[in-house]
1. Given the criteria touching a strand residue (DSSP E or B) at 6+ places or on another chain (Cβ under 9 Å), modelled with pLDDT of 90 or more and surrounded by fewer than 17 Cβ atoms within 10 Å (Cβ to Cβ), does Ser235 qualify?
2. Just to verify a result, which residue in region 367-380, among those that are farther than 16 Å from Ser342 by Cβ and of a type outside the set (A, V, I, L, M, F, W, C), is surrounded by the most Cβ atoms within 10 Å (Cβ to Cβ)?
3. Those residues that are exposed (fewer than 13 other Cβ atoms within 10 Å of the Cβ), outside any helix (DSSP H, G or I) and of a type in the set (A, V, I, L, M, F, W, C), I need them from region 142-176; list them, please.
4. Just wondering, is there one or more residues in region 99-111 that are among the polar types (S, T, N, Q) and within 26 Å of Met245 (Cβ to Cβ)?
5. Mind telling me which of the residues Thr330, Thr326 ends up being of a type outside the set (Asp, Glu) and in contact with a strand residue (DSSP E or B) (Cβ under 8 Å, 6 or more places away or on another chain)?
6. Here is a check on your reading of the model: is Ser343 among the polar types (S, T, N, Q), surrounded by 12 or more Cβ atoms within 10 Å (Cβ to Cβ), more than 30 Å from Ser258 (Cβ to Cβ) and free of Cβ contacts under 8 Å to residues at least 24 places away in the same chain?
7. Can you work out which of the residues in region 241-292 that are acidic (Asp, Glu) and outside any strand (DSSP E or B) is farthest from Arg327 (Cα to Cα)?
8. Filter region 241-258 for residues that are hydrophobic (A, V, I, L, M, F, W, C) and within 20 Å of Gly110 (Cα to Cα); which is modelled with the lowest pLDDT?
Amino acid sequence: MEKEDLSQLKITRTGPAAAPSGRRRNKGRIFLVIVILLLVVIGILYWQGVLEPTREVEITTVSLIYPSQAYTVLNASGYVVAQRKAAVASKGTGRLEMLAVEEGTRVKKGQVIARLENADLQAALNQAQAQVNTAKANLVQIEAEIKDARLRFERLGRLIQSKAIAQSDYDSADARLQQLLAGKSAALFQIKAAEAGLRAGQVTLDYTIIRAPFDGVILTKNADVGEVVAPFGSSINAKAAVVTMADLDSLIVEADVSESNLEKVKKGQPCEIQLDSLPGVRFPGEVHMIVPTADRSKATVLTKIKFLEKDERVLPEMSAKVAFLTRQTTKEEKPKVAVPPSSIVDQKEKSLVYRVENNILREIPVQKGLPLADFIEIIQGVKPGERIVLKPNRTLRDGTKIKIAEK
């Protein structure tokens, strides 16, 4: 038996034995595809800004530049004050029976605001009226008797000439006529006295009726129905003033001007008034008065500025800012939208700003206008009040996440 050459033996790996190597190669390809896909997704997300790191930027606000800012020589702050203001009270004492107004009610001069209980005074007034009527009736009666006495006296006068009656009868008729004439004078005085009593009763009754002293609006209500009202609050539990009211046509702004800047202000100087409650509105004004005394504690002089145009939205005690101008602006001069020049990115074909929307930047193309002092006019693109990046760099683009830098 011949010996077999074992060195010539070979193992051929076919069929199921080759499967593990093929699976490894497939797994390698799948892993490579997954890695490539992940890189593509990461690239897309980064390109869209989802994975981009947050940038810290400084922002500013789109401003509305008013023409008056070019003519302003001084700014001051103050409050709206009514020059004509009253605490309306009753001259009489009594319980408040009726109150016809509340805060904000507009009233006319002479309009009834409130009324006190006055049944007793009304009864006294009726009695005084009755006394006047009685005195007038007595006068009518006396005048009738005088007429009769005069006719008798004249008739007896004709008879005495013919000696047809005794002299005593004639004298008696004359005395009666004179007596009645004297009674008429007394009756006239009684009527005047009764009428004076009636007027006094009417005045006393009017004390219980509280009327508006001028056209205005009710500011506060200090008493309610059922409470006792007394002049000057003489009673411990009594209310002095029923309401306080102001004449809205007399509203002015009282502003404190520093002594060092007083030379920049003069009577009749044009002004522009801005109220904190109406930031988008400018009211034309004029210096009405410079009070001729200084406040030593603040080193200021009180200056009163009147409104040249009335507006129902202006109310007493509103805070105000006043700009003293070299000349008054005209209605043709409109405010302009403006931004700092450093907030604009100039490119070859366009200019743009980066507007902040929920901490994400948006590229906004803008159309520039003329320079306005430290700003530049924006004709189209952004609106006043919008927030934009103050000093954008070249790495910023649309969709960039940002964090506002703390100042």
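The values are calculated or read from the model by the stated rules, or taken from the named source; none is laboratory data. Because the structure is predicted, anything quoted here is derived from the model rather than measured. Cβ sites come from the backbone with ideal geometry, for glycine too, and all protein chains shown count toward neighbours.
1. So Ser235 does not fit the description; no.
2. Residue satisfying both the conditions and the ranking: Gly369.
3. The answer is Ala164, Ala166.
4. Going through region 99-111, the residues among the polar types (S, T, N, Q) turn out to be 105, 111.
Right, trim to within 26 Å of Met245 (Cβ to Cβ) and you get 105, 111.
Scanning region 99-111 turns up at least one residue that is among the polar types (S, T, N, Q) and within 26 Å of Met245 (Cβ to Cβ).
5. Just one listed residue meets the conditions, Thr326.
6. Judged against the criteria, Ser343 is not a match.
7. Ranking the qualifying residues of region 241-292, first place goes to Asp247.
8. Step by step, filter region 241-258, then rank; the result is Ala241.
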